[in-house]
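Derivation of every value follows stated rules applied to the coordinates shown; laboratory data play no part. Everything quoted here is computed from the prediction, not taken from an experiment. Cβ sites come from the backbone with ideal geometry, for glycine too, and all protein chains shown count toward neighbours.
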Amino acid sequence: MFRKRRRIFPFFIFFLVTAVLVFSASFVRPLVMSVANTHLKNTAVRIINTAVLKNLSDGSADYSDIVTVSKDANERVSALSVNFSQVNKIKAGLTLDILNGITKSDRADIAIPLGNFFSNEFMWGTGPKIPFKIMPNPTVDVNFRDDFTSAGVNQTVHKIYLDVDANVSAAVPAVKTGARVKTSFLIAQTVIVGEVPETYTGINEIPGSIEDYILDVTP
């Protein structure tokens, strides 16, 4: 009798381990990935918004701080040039704040109720909460872009946008996941009255004629 039990025991352990692995692959991993992904996205959006508000609230991104308008002897706008020193300063400050914010915020546990691991919807939100620690690894790309739009006779609207592209990968025990957040902010604009200037050094360091940038939306 004792020998039979000794033979059965290894099979029982094998069956138990297999069942745990199947359960983990079928329910645990997808659920943890989904919860972690949502958590990462929400955190990234919050940190990005906070960083943008912090870095731009002092008025350092006013149009006159970013773009220098040159006029000729007749007070007509002859050229626009970008203050790349100011642009790079804003980009560096934002990138650093976003990276630090995401890294520090996400070093925490997410907790999932045990009932959520079962397919029965009546069990969702029930049972003890199982903690999972998130270890983030963010990368952030901050860029400026601009847009010229015809706004009527001899009027051109120049808008400057801030684009943030954040990728946050994370390692949760036995699970790797990630989230991407792309968002844009209109940070400055002005109306150029009169003929458009002949030259422009773009926000992305692409010199040329402003007519190359203008999007004509006038009906």
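Using a/c under 1.5 as the rounded threshold, could you call region 47-104 rounded, prolate or oblate? The axes a ≥ b ≥ c are square roots of the C-alpha gyration tensor eigenvalues, and prolate needs a/b larger than b/c, oblate otherwise. The shape class here is prolate. Given R₀ = 30 Å, what would the calculated FRET efficiency be for residue 133 paired with residue 60, taking r from the Cβ atoms and rounding to 0.05? That gives a FRET efficiency of 0.20. What pairs in 41/159; 133/182; 54/133; 89/176; 41/91; 54/104 have C-alpha atoms more than 23 Å from each other? Violating the 23 Å limit, Cα to Cα: 41/159; 133/182; 54/133; 89/176.
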